[in-house]
1. So which of Phe88, Phe50 ends up being free of Cβ contacts under 8 Å to residues at least 40 places away in the same chain, part of a strand (DSSP E or B) and of a type outside the set (Lys, Arg)?
2. Among Thr67, Thr99, which is the only one that is among the hydroxyl-bearing types (Ser, Thr, Tyr) and either free of Cβ contacts under 8 Å to residues at least 60 places away in the same chain or assigned to a loop (DSSP other than H, G, I, E, B) (or both)?
3. Taking Gly83 as meeting all but one of (1) within 13 Å of the chain's Cα centre (by Cα); (2) under 19 Å from Asn106 (Cβ atoms), write down the number of the exception.
4. Just a yes or no: is a residue in region 20-33 part of a strand (DSSP E or B) and under 19 Å from Pro84 (Cα atoms)?
5. With respect to Arg18, determine if the residue is more than 19 Å from Ile105 (Cα to Cα) and in contact (Cβ under 8 Å) with a residue 12 or more places away in the chain.
6. What is the number of the single condition among (1) touching a residue at least 24 places away in the same chain (Cβ under 8 Å); (2) part of a strand (DSSP E or B) that Leu82 does not meet?
7. I'm checking my understanding of the structure. Among residues of region 36-69 that are within 14 Å of Cys91 (Cβ to Cβ) and in contact with an Asp or Glu (Cβ under 7 Å, 6 or more places away or on another chain), which one is surrounded by the fewest Cβ atoms within 10 Å (Cβ to Cβ)?
8. Give just the number: which of (1) over 16 Å from Gln5 (Cβ atoms); (2) modelled with pLDDT of 95 or more; (3) among the aliphatic types (A, V, I, L, M) does Val28 not satisfy?
Amino acid sequence: MPEFQTLRFTATLYLFRREEGGRATAFVMGGAKYRPQFRLNGSGPSSSCFIDAISGEQRMAPGERQTVEMSLLHPEYFHGQLGPGTKFEICEGPKVVGTGVIREIN
């Protein structure tokens, strides 16, 4: 199986409520990890990411803001644009379901 790059980072993540166009349900840690798409500034390339941990919690519901640990697959798609303070969106298909800010590259 081929190797590919990943980038682990800590971020503040906000999940949109259903009324804001976001998810209707929480995602839960354990079992299969939540795997949305990651993109910058509403355009450009996107890549899969994983939510690895939620600041001591086991679930994150729409409308919540939490500190999360994330892994981004193929960070090379973003050509050095990733660092503390970088704003991003997470998407499920074409639908933006949350926004975040990178706090620390791990």
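The values are calculated or read from the model by the stated rules, or taken from the named source; none is laboratory data. Just so we're clear, the structure is a prediction, and the values are computed from it rather than from any experiment. When we count neighbours, we look across all protein chains shown, and the Cβ atoms used for this are built from the backbone with ideal geometry, even at glycine. In case anyone asks, the SASA skips ligands and DNA or RNA and just uses the protein heavy atoms, side chains included. Shrake-Rupley method; radii C 1.70, N 1.55, O 1.52, S 1.80 Å.
1. Phe50
2. Thr67
3. Result: Gly83 fails condition (1) only.
4. So the first thing to find is which residues in region 20-33 are part of a strand (DSSP E or B), and the list is 27-28.
Then drop every residue that is not under 19 Å from Pro84 (Cα atoms), which leaves none.
No, because not a single residue in region 20-33 is part of a strand (DSSP E or B) and under 19 Å from Pro84 (Cα atoms).
5. Considered against the rule, which asks whether it is more than 19 Å from Ile105 (Cα to Cα) and in contact (Cβ under 8 Å) with a residue 12 or more places away in the chain, Arg18 comes out as yes.
6. With (1) touching a residue at least 24 places away in the same chain (Cβ under 8 Å); (2) part of a strand (DSSP E or B) applied to Leu82, the lone miss is (2).
7. Gly42
8. (2)
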